[in-house]
Amino acid sequence: MKLIDIVVPCYNEEEVLPLFIEETNRVIDTIRHYRFRYIFVNDGSKDKTLMVLRTLASRFPNVRYISFSRNFGKEAAMYAGLQHSTGDYVIVMDADLQHPPKMFPDMIKGVEEGYDCCALYRAKQKGESKIRQLVSKIFFSFQNKISDVKMPDGAVDYRIMSRQMVDSIVKLSEKQRFSKGIFCWVGYNTKWIEYQNVERTVGATKWSIWGLFKYALDGITSFSVAPLRFIAVLGFVIFLLSLIWIIITLVQTLIMGIDVPGYVTTLCAVLFSGGIVEMSVGIIGEYIGRIYIEAKDRPIYIASETNFED
Ligand code: UDP
Ligand code: MG
């Protein structure tokens, strides 16, 4: 029988975990020919998530968990889970039941059809604010335009992948992980299926608008150098325009003599070029910061407890 590992990152999910496992077990029990194993990753939760995981592990023999020494973020948690997985297939999903386990049979069908991966995208974002929907839409279309990785609007981190694909992903050991992009970057055949988004039943989302903005920035800078190219082109265009302006001004001065008032134009030019330079330095800084963090080569996560018997 083939083994399917289910990787679940958890951050402050004490309330939802018992419901999660109950509902997922109900689905698993209806699926023949596969064995399932849970790999929960406690991402430094501040509530009793670890205690709940210990209890679940003692109740169910197919529950493994890894607990981080602090909060390292969902990307790190997913990485730890994938790294520890050994199954023929690996499912990644959220703990909050927003990724309905009832999609398992369709996902498994996808990989049985010969795809390396079967991933889901949200049909409609019920229960999410208009701003978030808009931000998500802008992000996906921008991301797809400027970088090599393409994904449908509403792509989520809920998917099943073959062993081979998971091994490729684990090999990408960058510290600032943007999994949505990494999943696409490694290639392989992906089947996209639609699912109806569900509202979070208990607990609260861990994302703020600022958090989402940083996430989008990470996504763009991890997979594209288009912003760098943009400032290079912008600089060139401004250089050409200034050249024309300089020539015009020089000719005017030579013909008509020095014209002292020029305060406004000078001020505009100085402020405008100053702004452009500052923006460009900021964009370059974004990339330098990323190089800096990668260069330190710190581990992606630190685990303080696990029930994986090595
Ligand atoms: N999560 C995590 N570490 C974090 C934040 C979130 O492991 O720092 C987990 C969380 O427990 C959940 C999943 O990532 O299983 C998605 O989080 P959330 O539901 O807050 O995000 P959303 O569904 O709003 O995108
Ligand atoms: Mg959620």
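The values are calculated or read from the model by the stated rules, or taken from the named source; none is laboratory data. Keep in mind that this is a model prediction, so the values were computed, not measured. FYI the Cβ positions are ideal-geometry reconstructions off the backbone, even for glycines, and counts take in every protein chain you see.
Please work out which residue is farthest from ligand 2 (Cβ to nearest atom), limiting yourself to the stretch 127-178 and to residues that are surrounded by 18 or more Cβ atoms within 10 Å (Cβ to Cβ), part of a loop (DSSP other than H, G, I, E, B) and of a type outside the set (A, V, I, L, M).
Ser147
Look through the stretch 16-46, keep the residues that are away from ligand 2 (no atom under 16 Å from the Cβ) and of a type in the set (Asp, Glu), and return whichever of them is farthest from the chain's Cα centre (by Cα).
Per the criteria, the residue is Asp29.
Hey, does the stretch 151-164 have a residue that's among the aromatic types (Phe, Trp, Tyr) and touching a Leu at 6+ places or on another chain (Cβ under 7 Å)?
Step one: list which residues in the stretch 151-164 are among the aromatic types (Phe, Trp, Tyr), which gives 158.
Those still in the list that are touching a Leu at 6+ places or on another chain (Cβ under 7 Å) too: 158.
Checked against the condition, which is being among the aromatic types (Phe, Trp, Tyr) and touching a Leu at 6+ places or on another chain (Cβ under 7 Å), the stretch 151-164 yields at least one hit.
Pick from Asp88, Asp47, Asp43, Asp106: which is among the charged types (D, E, K, R), under 20 Å from Val16 (Cβ atoms) and either near ligand 1 (Cβ under 8 Å from one of its atoms) or in contact (Cβ under 8 Å) with a residue 60 or more places away in the chain (or both)?
Details: Asp88 fails: under 20 Å from Val16 (Cβ atoms); Asp47 fails: either near ligand 1 (Cβ under 8 Å from one of its atoms) or in contact (Cβ under 8 Å) with a residue 60 or more places away in the chain (or both); Asp106 fails: under 20 Å from Val16 (Cβ atoms).
On inspection, the qualifying residue turns out to be Asp43.
Tell me, yes or no, whether the stretch 222-241 has at least one residue that is of a type outside the set (S, T, N, Q) and within 16 Å of ligand 2 (Cβ to nearest atom).
Taking the stretch 222-241 as the starting set, the residues that turn out to be of a type outside the set (S, T, N, Q) are 223, 225-241.
Add one more test, that the residue is within 16 Å of ligand 2 (Cβ to nearest atom), and what stays is none.
Within the stretch 222-241, not a single residue is of a type outside the set (S, T, N, Q) and within 16 Å of ligand 2 (Cβ to nearest atom).
Could you list all residues from the stretch 141-181 that are within 16 Å of ligand 1 (Cβ to nearest atom) and among the hydrophobic types (A, V, I, L, M, F, W, C)?
Listed by number, the residues that qualify are Met151, Ala155, Val156, Phe178.
Scan the stretch 202-212 and give yes if some residue there is out of contact with any Cys (no Cβ under 9 Å at 6 or more places or on another chain) and over 25 Å from Lys137 (Cβ atoms), otherwise no. Break it down into steps so the answer makes sense when it comes.
Of the residues in the stretch 202-212, the ones out of contact with any Cys (no Cβ under 9 Å at 6 or more places or on another chain) are 202-212.
Still in the running and over 25 Å from Lys137 (Cβ atoms): 202-203.
For the stretch 202-212, residues out of contact with any Cys (no Cβ under 9 Å at 6 or more places or on another chain) and over 25 Å from Lys137 (Cβ atoms): present.
Test Leu3 against the stated conditions and say whether it is more than 12 Å from ligand 1 (Cβ to nearest atom), touching a strand residue (DSSP E or B) at 6+ places or on another chain (Cβ under 8 Å) and within 20 Å of Met78 (Cβ to Cβ).
Numbers: more than 12 Å from ligand 1 (Cβ to nearest atom): yes; touching a strand residue (DSSP E or B) at 6+ places or on another chain (Cβ under 8 Å): yes; within 20 Å of Met78 (Cβ to Cβ): yes.
Yes, satisfied.
Just wondering, is there one or more residues in the stretch 56-74 that are modelled with pLDDT under 95, under 17 Å from the mean Cα position of the chain (by Cα), buried (at least 23 other Cβ atoms within 10 Å of the Cβ) and within 13 Å of ligand 1 (Cβ to nearest atom)?
No; the residues of the stretch 56-74 include none that is modelled with pLDDT under 95, under 17 Å from the mean Cα position of the chain (by Cα), buried (at least 23 other Cβ atoms within 10 Å of the Cβ) and within 13 Å of ligand 1 (Cβ to nearest atom).
Is it the case, given these coordinates, that Pro101 is more than 22 Å from Phe178 (Cα to Cα), within 16 Å of ligand 2 (Cβ to nearest atom), modelled with pLDDT of 90 or more and not aromatic (Phe, Trp, Tyr)? Please lay out each step first, then the result.
Numbers: more than 22 Å from Phe178 (Cα to Cα): yes; within 16 Å of ligand 2 (Cβ to nearest atom): yes; modelled with pLDDT of 90 or more: yes; not aromatic (Phe, Trp, Tyr): yes.
It is true that Pro101 is more than 22 Å from Phe178 (Cα to Cα), within 16 Å of ligand 2 (Cβ to nearest atom), modelled with pLDDT of 90 or more and not aromatic (Phe, Trp, Tyr).
Residue-wise test of (1) of a type outside the set (Asp, Glu); (2) within 16 Å of ligand 1 (Cβ to nearest atom); (3) modelled with pLDDT of 85 or more.
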site	(1), (2), (3)
Trp207	yes, yes, no
Tyr215	yes, yes, no
Ile220	yes, no, no
Leu228	yes, no, yes
Ile238	yes, no, yes
Leu241	yes, no, yes
Val251	yes, no, yes
Gly257	yes, no, no
Val260	yes, no, no
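So that you can scan it fast, the table gives a plain yes or no per residue for (1) assigned to a loop (DSSP other than H, G, I, E, B); (2) within 35 Å of the chain's Cα centre (by Cα); (3) charged (D, E, K, R); (4) exposed (fewer than 13 other Cβ atoms within 10 Å of the Cβ):
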{"position": "Glu199", "(1), (2), (3), (4)": "yes, yes, yes, yes"}
{"position": "Tyr215", "(1), (2), (3), (4)": "no, yes, no, no"}
{"position": "Asp218", "(1), (2), (3), (4)": "no, yes, yes, no"}
{"position": "Leu234", "(1), (2), (3), (4)": "no, yes, no, no"}
{"position": "Phe239", "(1), (2), (3), (4)": "no, no, no, yes"}
{"position": "Gln252", "(1), (2), (3), (4)": "no, no, no, yes"}
{"position": "Ile258", "(1), (2), (3), (4)": "yes, no, no, yes"}
{"position": "Leu271", "(1), (2), (3), (4)": "no, no, no, yes"}
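Hey, among Asp88, Asp47, Asp94, Asp106, which residue is surrounded by fewer than 23 Cβ atoms within 10 Å (Cβ to Cβ) and touching an Asp or Glu at 6+ places or on another chain (Cβ under 6 Å)?
Numbers: Asp88 fails: touching an Asp or Glu at 6+ places or on another chain (Cβ under 6 Å); Asp94 fails: touching an Asp or Glu at 6+ places or on another chain (Cβ under 6 Å); Asp106 fails: touching an Asp or Glu at 6+ places or on another chain (Cβ under 6 Å).
The conditions single out Asp47.
Just checking, which of Ala57, Ala95 is away from ligand 2 (no atom under 16 Å from the Cβ) and among the hydrophobic types (A, V, I, L, M, F, W, C)? So that I can check it myself, show each step before the final result.
Values: Ala95 fails: away from ligand 2 (no atom under 16 Å from the Cβ).
None of the other options fit; the residue is Ala57.
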